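To start, the structure under review is shown below, and the notes come after it.
The values are calculated or read from the model by the stated rules, or taken from the named source; none is laboratory data. The structure presented is a predicted model; accordingly, all values stated were derived computationally and were not measured. We work out accessible area using only protein heavy atoms, side chains counted, and drop any ligands, DNA or RNA first. Shrake-Rupley method; radii C 1.70, N 1.55, O 1.52, S 1.80 Å.
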Amino acid sequence: MELTPVMDPEALNRFLDTDFPQLHTDGKVFEVTNVAPGAVVLRLMPNGRHLRPGGTVSGPTLFALADVGAYCAVLAHIGPVALAVTTSLNINFLRKPEPGPLSCTCRILKLGKRLAVVEASISGEADDDLVAHATATYSIPPR
């Protein structure tokens, strides 16, 4: 399945800035860094709000990273559809991430007219060890 992106990183970042400004309440921490056929990479620069006791990035932050990344992967291939919504997201936390930059690589597994399924792999930028893996399904509104 060859998917052709219709939005580049700059367009996705602009969309997030204008349509979802709440993502950056405590400063801009999410950034789309790459778009490729069927894939998107989203970077998280966590701040104190994203950390938990024990010196690690919190589970809710990893969940949000997977959700925003998968959402961006879908939008990169269907265009800026604000009303595409998450219908399910399952995440497995694999190891404790260090409190530094994280990268979420999202691959589209299925892109239909009504549903999209995306796989999200989260790792620290210092190494390639996965810290979390998620699968997400999005409902795409009729055009």
| query | Helix 59-78 versus the longest principal axis of the chain: what is the Cα-based angle in degrees, 0 to 90, to the nearest 10? | reply | 20
| Percentage of interatomic Cα-Cα distances in segment 1-56 larger than 15 Å | 56
| Residue-wise, which Karplus ³J(HN,Hα) couplings in Hz belong to segment 6-22, taking 6.51 cos²θ - 1.76 cosθ + 1.60, θ = phi - 60°, and x for glycine or proline? | 10, 10, 9, x, 5, 5, 5, 5, 4, 4, 4, 4, 8, 8, 9, x, 4
| field | Ratio of Rg to Rh over the chain (Cα coordinates, Kirkwood Rh, two decimals) | value | 0.95
| field | Residue-level accessible surface for Phe93, protein heavy atoms, 1.4 Å, Å² | value | 110
| In what order, largest first, do Leu51, Leu42 sit by accessible area if the probe radius is 1.4 Å? | Leu51, Leu42
| query | With N residues in segment 32-111, what two-decimal value do you get for its Cα radius of gyration over 2.2 N^0.38 Å? | reply | 1.15
| remark: Note to self, the chain gives a 222 nm [θ] from helices alone (DSSP H runs n ≥ 4, -39500 (n - 2.57) apiece, / all residues, nearest 500) of -7000 deg cm²/dmol
| query | Normalised by the number of residues in the chain, what is the relative contact order in percent for Cα pairs under 8 Å and 6+ residues apart? | reply | 24
